[in-house]
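Asker: One structure is given below, represented as structure tokens, and several questions about it will come after.
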Amino acid sequence: ALVSNLPGEFAPRAMRRISTSEEVADALREQILKRELAPGARLPEIPLSNAFQVSRNTLREAFRLLGREGLVDHLPHRGGFVAQLEEADIRDLYRIRRILEISGARAVGTASERARELLRRQLTLLEDAARRGIWRDSVDHDLTFHARVAGLLESPRVDAFFETIAAQLRFGIAIMNVVDEKYALPGERIVGQHARI
């Protein structure tokens, strides 16, 4: 954390720390999650590096970043491919999520007021998104709500791990083109379920 009483030349400054490879990864992630790039699709290095106006090394670093999120498979001598998730993969992700969330819920009694407040605020954001009926916002706020439940453990490692799981869950939801009524017809039901949590 930055210290507020530093001399003027070292005073805290708002900075957006993002590399070119992270910008490329952000753009590709968006296309993958919108299904503009289908599961299994090849990500050709030369056309993509030309389109983004970056080196192939920068593009490969973006692939590595997305690989850590489970969104891209980068194979030596074959290049990048949009990852594919099978039903067993989705079940495994939910199994891991359940373990983390149950542990978080059990820690509520020892969690800080800040962690509990973050959870309450996220419920408010989810309620708003559900009532407005915006599918993508509902999915994002739903997953963030569940991350906040696991966040009651107040472990930076659990938070980072859950973030990776959430990225893969978003991907799975995009692949399945979710017809699940809780997202297709969000509203009081989803709000009630999460308020009980």
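The values are calculated or read from the model by the stated rules, or taken from the named source; none is laboratory data. In this text the structure is predicted, and so the values were computed from the model without any measurement. All Cβ positions, even for glycine, are placed from backbone atoms using ideal geometry, and neighbour counts span all protein chains on display. Accessible surface is based on the protein model in full, side chains and every heavy atom, while ligands, DNA and RNA are left aside. Shrake-Rupley method; radii C 1.70, N 1.55, O 1.52, S 1.80 Å.
Asker: Restrict the check to segment 44-62 and report whether at least one residue is in contact with a strand residue (DSSP E or B) (Cβ under 7 Å, 6 or more places away or on another chain) and either under 24 Å from His146 (Cβ atoms) or touching a residue at least 24 places away in the same chain (Cβ under 8 Å) (or both).
Answerer: Looking through segment 44-62, at least one residue is in contact with a strand residue (DSSP E or B) (Cβ under 7 Å, 6 or more places away or on another chain) and either under 24 Å from His146 (Cβ atoms) or touching a residue at least 24 places away in the same chain (Cβ under 8 Å) (or both).
Asker: In addition: Quick check on this structure: which one of Leu59, Leu66 is in contact with a Lys or Arg (Cβ under 7 Å, 6 or more places away or on another chain), of a type outside the set (D, E, K, R), closer than 13 Å to Glu23 by Cβ and open to solvent by less than 30 Å² (accessible area, probe 1.4 Å)?
Answerer: The conditions single out Leu66.
Asker: How many residues does segment 69-78 contain that are surrounded by fewer than 19 Cβ atoms within 10 Å (Cβ to Cβ) and either modelled with pLDDT of 90 or more or over 20 Å from the mean Cα position of the chain (by Cα) (or both)?
Answerer: Total meeting the criteria: 5.
Asker: Out of curiosity, is Leu123 open to solvent by less than 70 Å² (accessible area, probe 1.4 Å), within 21 Å of Ala105 (Cβ to Cβ) and either touching a residue at least 60 places away in the same chain (Cβ under 8 Å) or out of contact with any helix residue (DSSP H, G or I) (no Cβ under 9 Å at 6 or more places or on another chain) (or both)?
Answerer: The answer is yes for Leu123.
Asker: Please work out if Arg95 is under 25 Å from Gly172 (Cβ atoms), open to solvent by 50 Å² or more (accessible area, probe 1.4 Å) and part of a helix (DSSP H, G or I).
Answerer: Answer is yes for this residue.
Asker: Please specify each residue of segment 79-88 satisfying the condition of being surrounded by 18 or more Cβ atoms within 10 Å (Cβ to Cβ) and either under 18 Å from the mean Cα position of the chain (by Cα) or assigned to a helix (DSSP H, G or I) (or both).
Answerer: Correct list: Val82, Ala83, Leu85.
Asker: Which residues, taken from segment 109-129, are small (Gly, Ala, Ser), closer than 18 Å to Asp159 by Cβ and either in contact with a Cys (Cβ under 8 Å, 6 or more places away or on another chain) or in a helix (DSSP H, G or I) (or both)?
Answerer: Hit for segment 109-129 is Ala115, nothing else.
Asker: If you don't mind, there's one more thing I want to ask. Output the residues belonging to segment 165-175 that are in contact (Cβ under 8 Å) with a residue 40 or more places away in the chain and either of a type outside the set (Phe, Trp, Tyr) or surrounded by fewer than 20 Cβ atoms within 10 Å (Cβ to Cβ) (or both).
Answerer: Matches in segment 165-175: Ile165, Ala167, Gln168, Leu169, Arg170, Gly172, Ala174, Ile175.
Asker: Another question, if that's okay. Report yes if Leu100 is touching a residue at least 60 places away in the same chain (Cβ under 8 Å), farther than 30 Å from Val24 by Cα and either surrounded by fewer than 15 Cβ atoms within 10 Å (Cβ to Cβ) or not aromatic (Phe, Trp, Tyr) (or both), otherwise no.
Answerer: Here the answer is yes, as Leu100 does meet what is asked.
Asker: Say we look at segment 130-164 and pick out the residues that are modelled with pLDDT under 90 and open to solvent by less than 10 Å² (accessible area, probe 1.4 Å); which of these is nearest to Leu93 (Cα to Cα)?
Answerer: That would be Leu143.
Asker: For Leu48, are the conditions met, namely being assigned to a helix (DSSP H, G or I) and open to solvent by less than 10 Å² (accessible area, probe 1.4 Å)?
Answerer: The answer is no for Leu48.
Asker: So in segment 1-43, with the set limited to residues that are more than 19 Å from the chain's Cα centre (by Cα) and of a type in the set (Ser, Thr, Tyr), which one is modelled with the highest pLDDT?
Answerer: In this case the residue turns out to be Thr20.
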